[in-house]
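The next block holds one structure in the form of structure tokens; read it before the comments.
We did not get these values from a lab; they are worked out from the coordinates using the rules stated. Every value quoted in this text rests on a predicted model; they were computed, and no experiment measured them. Cβ placement follows ideal geometry from the backbone for every residue including glycine, while neighbour counts extend to all protein chains displayed.
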């Protein structure tokens, strides 16, 4: 029997999807026949993303700042209005600025915790309410980082705050599973995005090497010998956000080219 995603007509929200990982995930869901709402805090980037995705299927854009409660409320309300409900939430967000621990200010930690702790939890609550209101259960996929297993140098706020997403995934999988909602997380390794370029430039500056040398050194540490693509990561997102993973919940899936050395 063929394995299908079951996503034809599914109602999907992908946050921070005007570029990078979120954009790749949105395009992959559209390719499976889903109806998708994409989000960004930047209206111009969002407009360009919607235009680029429109040829792949039904897509709507909602401008919202994931750090603001009122925007999160409006994002869910507009998603339900556009799609008639919600079947899958994919939570992607931007990353705090690079820097070692002693370089981070109170404001840096406050912003990082809002983006990586408070907002995903609140959006999960609102998404669960929308899923339960329509009686069909649902799926949530949270993007975090391999840094929650093995902290990465020079991204202190991200390495600390993203750990909360793992706790959120485990907690919600237990609490929402009986209600038909599955919750999983993905731990991306090094993926070819603007964020990777930013981190590479920061590493090069600190080590007094060229960005090209810093990138080459990074790739040598990855057993598969290269960084991943947003398309490769999107396949894992679609798997967890679809019927293909019907008995998977509470999982934290590394997509990292075997970068992680830890077991479990």
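Structural remarks
- Folded to 0 to 90 degrees: helix 194-207 orientation relative to the chain principal axis, Cα: 20 degrees
- In nm, spacing of pseudo-spin labels at residue 8 and residue 110 (7 Å Cα→C-beta vector): 5.1 nm
- With the helix formula -39500 (n - 2.57) applied to DSSP H stretches of n ≥ 4, the chain reaches a computed 222 nm mean residue ellipticity of -13500 deg cm²/dmol.
- Rounded to 10°, Cα long-axis angle of helix 211-220 versus longest principal axis of the chain: 70 degrees
- The convex hull around the C-alpha trace of the chain, projected and averaged over every direction, spans 14.4 square nanometres.
- Structural descriptor for region 40-142: relative contact order 31 percent, calculated from alpha carbon pairs under 8 angstrom and at least 6 residues apart.
- Euclidean distance of C-alpha centroids, region 182-234 and region 94-108, integer Å: 19 Å
- Computed on the Cα atoms alone, the convex hull of region 115-264 gives a volume of 114 cubic angstrom per residue.
- Cα gyration tensor shape for region 43-155, rounded if a/c is under 1.5, else prolate or oblate: prolate
- Rounded to 10°, Cα long-axis angle of helix 230-240 versus longest principal axis of the chain: 40 degrees
- DSSP beta bridges fully contained in the chain are about 0 percent antiparallel.
- Net lengthening on full extension, residue 260/residue 132 (0.36 nm per residue, minus Cα-Cα): 42.5 nm
- Distance (nanometres) between label positions extended 7 Å along Cα→Cβ at residue 56 and residue 226: 2.0 nm
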